[in-house]
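See below for the structure under consideration.
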Amino acid sequence: MHPPLEAHKQEGCDEVIQALNDCHNAGTFNKFIGACNSAKTAVDKCLKEEFLAMRAQNKGASLEKRKRMEQIWKEIDEPPAFSNETYPIYLYLCVYQSLPTTQQQVQEQPTIPTKEEQEQQQQFNTACLTENVERNVDNHHRTNHRKFWDQLSDKSIKIYTQVWKQFIDQEKRKPTIPDWHILEGIVFVAGNDDTLKRTMGTIRLLQNEFNCVLPIEIWHMEQEADAAALFLPEIKSFKNVSLRDLSDIGLAKPLSRSRGRTKQFQTKAAAIINSSFRHVLYLDSDNIPTRDPSFLFQTKQYKTYGAIFWPDFWKTASENKVFRILQIECEDEWEQESGQIVVDKKRHWLPLQLAWFMQFYHELYFNLLNGDKDTFQYGWKALKVPFYRIKTFVGMGGMMVEGKFCGHSMLQYMDDEEDRPLFVHANLMKQMPKSVFITKGVVVVEERPWHLIKRYKDDQSNHYLSPVFYMTNQSSPMGCMNFATRSTEESSSFVESFDEVLNGFQDLYFQSGGIGGYS
């Protein structure tokens, strides 16, 4: 299918498009009896030629950008004599390369911390040496990275601290921050077939059902340019939606190399920083608003703080060396879930740069943190910049599987609208087969992945919150979330009907071309 013809933006096919429209308008039944087939064939041919021309043009531009970026990276990878401006970054790379690899760490015994190192670690983690923190640590992440944390010497930690501070000093000395010509907008990161299809469905929902008029930018990596170009005709059919390349020369923080990571966690801060908007709502490609989110920029929380972050299921382990490196206290608080971020870039330019720095040097920081998510709140904390943290705890959207609740979507709320989720982040749902969600009705067979909502009672004051991750016992196991219960007391969690709480949302999402499980 081609995009809506009345929204076509390319002059090259205007004549054949007009001819097809004239044929349709000449008689109500022309399109049904084949009278317009020749005109439609001409339109399809023109659109295909246009697409091939755009792909060739994009490929040529991509190759040219690649040549320029390779020269830039060559200068970074093979540095000249150090200057005061470039020394910290090269020092950072050299020190990291001297650390054991993850494979080497498995074979080595972790170093025993000295008394001084133990005292310095305790200086930052005393507040979170509690049962509440330990109960909610993501032990999968801790188990996989604990040896890396243990082998970080006091000397290395001091150098890493010095490097990020020197980076921020350099950013402070830059003459001006960019001037944004668009006030508010939504930013997505999507570059492969799956993430772009999910993003298309969410944009249709936002524009066609929720009447959201915010401009939208979809950012992709350079190596994803060809895959992203396939969606250009549909993107051009939307209102004020553009496709952007993170490797473009002239951006505040261009990003070309993925350095071997399969998931592009390191792109979020770059996309936010490089976007055309001052006030940004960032959304993951699998994160679906349940209504027009434009109001977020007018909330009291946003006007006061200029940044709103949402909670995750986990807490950071007290022995994690990230606290010493960033010189922030470990607190009894939830990690950040960065599937949605609202930020005023003008007010928070420097902490955004520090989040970008940690994501860019993910070889270190993602061994400490679980992906990109806490690079934001910890970047803010390291620079002592306040932000608003949503107090309403994250809920779970899901269904019963094997007689047990299987939460596959994170539900995020606003503190003054605790009864209705604002975002449905299908972070685990996308990893499940579509067949699990198929409901066979009398008339139609449809995909309905959301049956139930599970939440904690009084979650803003409840001190026993214990989310758990588990795998089902099927032949193809699926990852699910649930809430633990106490054997000595009545369960502090409760279940409600998804469709009663979000009446009609599920239907609108799939009618808009939304994607549930994989085929």
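The values are calculated or read from the model by the stated rules, or taken from the named source; none is laboratory data. The structure displayed is predicted, hence computed values, not measured ones. Using ideal geometry, Cβ is built from the backbone for each residue, glycine included, and neighbour counts are taken over all protein chains shown. Heads up: the accessible areas ignore ligands, DNA and RNA and are worked out on the full protein's heavy atoms, side chains in. Shrake-Rupley method; radii C 1.70, N 1.55, O 1.52, S 1.80 Å.
Computed over protein heavy atoms with a 1.4 Å probe, the accessible surface of the range 228-343 works out to 30 Å² per residue. What part of the accessible area of the range 149-190, given as a whole %, is carbon or sulfur when the probe is 1.4 angstrom? Ligands and nucleic acids excluded, carbon and sulfur give 53 percent. Listed cross-link partners 197/404; 147/321; 158/321; 300/391; 197/236 are compared with a 19 Å cut-off, the Cα-Cα value being larger for 197/404. Kindly identify the range 418-483 as rounded, prolate or oblate by the Cα gyration tensor criterion: order the square roots of the eigenvalues as a ≥ b ≥ c, call it rounded if a/c is under 1.5, otherwise compare a/b with b/c, prolate if a/b is larger, else oblate. It comes out oblate by the Cα gyration axes.
Length gained on full extension, residue 415 to residue 475, computed as 0.36 nm times the residue gap minus the Cα-Cα distance: 17.6 nm. Cα gyration tensor of the range 450-519, axes a ≥ b ≥ c as square roots of the eigenvalues: rounded (a/c below 1.5), prolate (a/b > b/c) or oblate? Note, shape of the range 450-519 comes out oblate. Bridging of residue 268 to lysines at a Cα separation below 16 Å is possible for 253, 345, 373, once same-chain residues fewer than 8 apart are set aside.
The string of couplings for the range 187-196 from the Karplus curve (6.51, -1.76, 1.60, θ = phi - 60°) is 10, 10, 10, 7, x, 9, 4, 5, 5, 6 Hz, one whole number per residue in order, with x for Gly and Pro.
If you take the square roots of the eigenvalues of the alpha-carbon gyration tensor of the range 234-387 and sort them as a ≥ b ≥ c, do you get rounded (a/c under 1.5), prolate (a/b over b/c) or oblate? Note, shape of the range 234-387 comes out oblate. Taking all protein chains as present, what is the carbon and sulfur share of the accessible area of the range 271-382, in % to the nearest whole number, probe 1.4 Å? With neighbouring chains kept in place, the figure for the range 271-382 is 44 percent.
Computed over neighbours whose Cβ is under 14 Å from that of residue 297, the net charge equals +3, Lys and Arg +1, Asp and Glu -1. Listed by chain and number, the aspartates and glutamates placed with their C-alpha closer than 16 angstrom to that of residue 165 are 85; residues fewer than eight positions away on the same chain are left out.
Accessible-area rank, largest first, for 314, 149: 314, 149, with all protein chains present and a 1.4 angstrom probe. Heavy-atom accessible surface of the range 375-519, averaged per residue, reaches 46 Å², computed with a 1.4 Å probe.
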